[in-house]
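Asks: Here you go, one structure.
The values are calculated or read from the model by the stated rules, or taken from the named source; none is laboratory data. This is a predicted model, so every value here is computed, not measured. Cβ: placed from backbone, ideal geometry, glycine included. Neighbour counts: every protein chain shown.
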Amino acid sequence: MLYTLHEMSHAALAPWQMWASMNANMFSHPFSPLFYSPLSRKIAAGSELFVRVTQRYQKPEFDISEVRVEDKAVAVSETVALDKPFCRLLHFEREFGARRGSNRRADPKVLLVAPLSGHHATLLRDTVRTLLRDHDVYITDWVDARMVSLCHGPFHLHDYIDYIREFIGLLGPEVHVISVCQPTVPVLAAIALMAEAEAPVQPRTMIMMGGPIDARRSPTAVNNLATNKPLSWFKANVIQRVPAKYPGAMRQVYPGFLQHAGFVAMNPSRHADAHRDFYNHLVEGDGDSAEAHRRFYDEYNAVLDMPAEYYLDTIKTVFQEFSLPKGRMFVREQLVRPQAISKTALLTIEGELDDISGNGQTQAAHALCTSIPARKRQHHLAPGVGHYGIFSGRRFREQLYPRIRDFIRRHA
């Protein structure tokens, strides 16, 4: 019912959004006589702000068509390596030669596992672009659950782990796996199961960044919410059925709009200040600052629906029962034993100021993977870096990426 009411409110706002958009254009275009009104900038700014606050944001594009490799511009093409109902495995292929698809560099192959936790995989755009300098990059592009028909069945945490195992098997034993935030747990489980089975394909390295391997350590507001409420509360309050207008009609999901409300509620004053500054930048004619705001919130406000089964499994397994660090995590009745991993090198990275995954939560992987030799393990705590700074921004590019690149090269 809540999802349907949300859709109805968007439909009701559509005429007002159209009117505000028209106002923004009429009062900001120099060919319009209204542009020369004394209040034109304020009216245009207020109208655009109204549109941006009330509109629905579509999934952004990666928009990576070129990358600098050894100070030379190299074209990049985005292709689908494997198409699954709930995820597309994307390949960013660098075109070094004259012929399309020619790749003369034997750079390490990297599987970047993006979070299935509200935002689209495009949130890792900067990570992908940076990795492409020295690597052959693949990324998991999770599908909005409201677009997946019920005929494809449910999607549980163990299905997520199966996907990761399949992707690793497809890319071969030379692959290096990087997981950012939420995927650290299922990635560690997938690699542990492959090691237990002595699979012929096991990754060379696993690099885990800001993830809740052991959410008992330095608990954050996110952790506290999951532990303070019973699983029945989440089932009753955040799980909704997809309305009839979408391909995934009647599928149970954790809707993106509820997730977005949770993101904003974590720091409402920061977002209020950002929107007030955006209005002032428009009034003052500071186009660069206004455009930076648009780029950030075009990404931040674009959210997807998560399958209810996967979301509830994650809450229970990772944040309430702490199954992995307690040695009690099962995948299809098979116990996950991280101590079985011996061939895959381990690098963990945390941000000192991370308010999503507290310090020590990712480092806990070292205490679990006891069979990995000390020479193949490394941990780094990035000073002055928050959660998003672990995988994007200047500090990631200048401080953390060189560590990742060198670790991969050392164990390639």
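Asks: Could we say that Gly248 is at pLDDT 95 or above, assigned by TED's automatic domain parsing to the domain that holds Pro325, assigned to a loop (DSSP other than H, G, I, E, B) and under 22 Å from the mean Cα position of the chain (by Cα) here? I'd like the intermediate steps shown before the answer.
Replies: On the way: at pLDDT 95 or above: yes; assigned by TED's automatic domain parsing to the domain that holds Pro325: no; assigned to a loop (DSSP other than H, G, I, E, B): yes; under 22 Å from the mean Cα position of the chain (by Cα): yes.
So Gly248 does not fit the description; no.
Residues are listed down the side, and each one gets a yes or a no for (1) closer than 22 Å to Lys42 by Cα; (2) surrounded by fewer than 13 Cβ atoms within 10 Å (Cβ to Cβ); (3) at pLDDT 95 or above; (4) among the small types (Gly, Ala, Ser):
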| position | (1), (2), (3), (4) |
| --- | --- |
| Val253 | no, no, yes, no |
| Gly262 | no, no, no, yes |
| Ala265 | no, yes, no, yes |
| His271 | yes, no, no, no |
| Gly287 | yes, yes, no, yes |
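Asks: Still on this structure, I have one more. Can you find a residue that is more than 17 Å from the chain's Cα centre (by Cα) and within 21 Å of Ile161 (Cβ to Cβ) anywhere in segment 266-279? Please lay out each step first, then the result.
Replies: Filtering segment 266-279 down to residues more than 17 Å from the chain's Cα centre (by Cα) leaves 266-279.
Restricting the remaining residues to those that are within 21 Å of Ile161 (Cβ to Cβ) gives none.
No, because not a single residue in segment 266-279 is more than 17 Å from the chain's Cα centre (by Cα) and within 21 Å of Ile161 (Cβ to Cβ).
Asks: If you don't mind, there's one more thing I want to ask. Considering (1) on the phi < 0 side of the Ramachandran plot; (2) surrounded by fewer than 16 Cβ atoms within 10 Å (Cβ to Cβ), say which one Ile239 fails and leave the rest.
Replies: Condition (2) is where Ile239 drops out.
Asks: Test Gln361 against the stated conditions and say whether it is assigned to a helix (DSSP H, G or I) and either over 23 Å from Phe391 (Cα atoms) or touching a Pro at 6+ places or on another chain (Cβ under 6 Å) (or both).
Replies: Values: assigned to a helix (DSSP H, G or I): no; either over 23 Å from Phe391 (Cα atoms) or touching a Pro at 6+ places or on another chain (Cβ under 6 Å) (or both): yes.
No: the conditions fail for Gln361.
Asks: Would it be correct to say that Asp159 is more than 28 Å from Lys376 (Cβ to Cβ), in the same structural domain as Ala340 (by TED's automatic domain parsing), part of a helix (DSSP H, G or I) and acidic (Asp, Glu)? Steps first, please.
Replies: Values: more than 28 Å from Lys376 (Cβ to Cβ): yes; in the same structural domain as Ala340 (by TED's automatic domain parsing): yes; part of a helix (DSSP H, G or I): yes; acidic (Asp, Glu): yes.
Considered against the rule, which asks whether it is more than 28 Å from Lys376 (Cβ to Cβ), in the same structural domain as Ala340 (by TED's automatic domain parsing), part of a helix (DSSP H, G or I) and acidic (Asp, Glu), Asp159 comes out as yes.
Asks: Filter segment 302-335 for residues that are assigned to a strand (DSSP E or B) and in contact (Cβ under 8 Å) with a residue 12 or more places away in the chain; which is surrounded by the fewest Cβ atoms within 10 Å (Cβ to Cβ)?
Replies: From segment 302-335, those assigned to a strand (DSSP E or B) are 303, 306-307, 330-331, 334-335; that's our starting set.
Checking which are in contact (Cβ under 8 Å) with a residue 12 or more places away in the chain leaves us with 303, 306-307, 331, 334.
On the way: Val303: 22, Met306: 27, Pro307: 28, Val331: 21, Gln334: 14.
The residue in question is Gln334.
Asks: Quick check on Pro203: is it more than 22 Å from Gln320 (Cβ to Cβ), surrounded by 24 or more Cβ atoms within 10 Å (Cβ to Cβ), more than 16 Å from the chain's Cα centre (by Cα) and assigned by TED's automatic domain parsing to the domain that holds Phe92? Steps first, answer last, please.
Replies: Working: more than 22 Å from Gln320 (Cβ to Cβ): yes; surrounded by 24 or more Cβ atoms within 10 Å (Cβ to Cβ): yes; more than 16 Å from the chain's Cα centre (by Cα): yes; assigned by TED's automatic domain parsing to the domain that holds Phe92: yes.
So Pro203 passes the test.
Asks: Cβ-Cβ distance below 9 Å, separation of 6 or more or different chains: which pairs start in segment 378-394 with a residue that is closer than 12 Å to Asn359 by Cα and end on one that is among the aromatic types (Phe, Trp, Tyr)?
Replies: Ala382/Phe396; Val385/Phe396
Asks: Taking segment 162-200 as the search range and keeping residues that are outside any helix (DSSP H, G or I), touching a residue at least 24 places away in the same chain (Cβ under 8 Å) and surrounded by fewer than 23 Cβ atoms within 10 Å (Cβ to Cβ), which one is nearest to the chain's Cα centre (by Cα)? Lay out the reasoning, then the answer.
Replies: Narrowing segment 162-200 to residues outside any helix (DSSP H, G or I): 172-183, 197-200.
Cutting the leftovers down to touching a residue at least 24 places away in the same chain (Cβ under 8 Å) gives us 172-183, 199-200.
Remaining after also requiring surrounded by fewer than 23 Cβ atoms within 10 Å (Cβ to Cβ): 172-175, 182, 199-200.
Numbers: Gly172: 24, Pro173: 25, Glu174: 24, Val175: 20, Gln182: 8, Ala199: 28, Pro200: 29 Å.
The selected residue is Gln182.
Asks: May I pose another question? Tally time: how many residues in segment 29-60 are closer than 21 Å to Asp298 by Cα, of a type in the set (S, T, N, Q) and surrounded by 14 or more Cβ atoms within 10 Å (Cβ to Cβ)? Show your work before the answer.
Replies: Of all residues in segment 29-60, those closer than 21 Å to Asp298 by Cα come to 44-60.
If we keep only those that are of a type in the set (S, T, N, Q) too, we end up with 47, 54-55, 58.
From what is left, the residues that are surrounded by 14 or more Cβ atoms within 10 Å (Cβ to Cβ) are 47, 54-55.
Residues meeting the conditions: 3.
Asks: Name the residues in segment 1-34 that are under 16 Å from Gly287 (Cα atoms) and among the aromatic types (Phe, Trp, Tyr), would you?
Replies: First, the residues of segment 1-34 that are under 16 Å from Gly287 (Cα atoms): 24-25, 27-30.
Listed by number, the list holds a single entry, Phe27.
Asks: Looking at segment 340-354, which of its residues are surrounded by fewer than 24 Cβ atoms within 10 Å (Cβ to Cβ) and within 12 Å of Ile390 (Cα to Cα)?
Replies: Listed by number, the residues that qualify are Glu352, Leu353.
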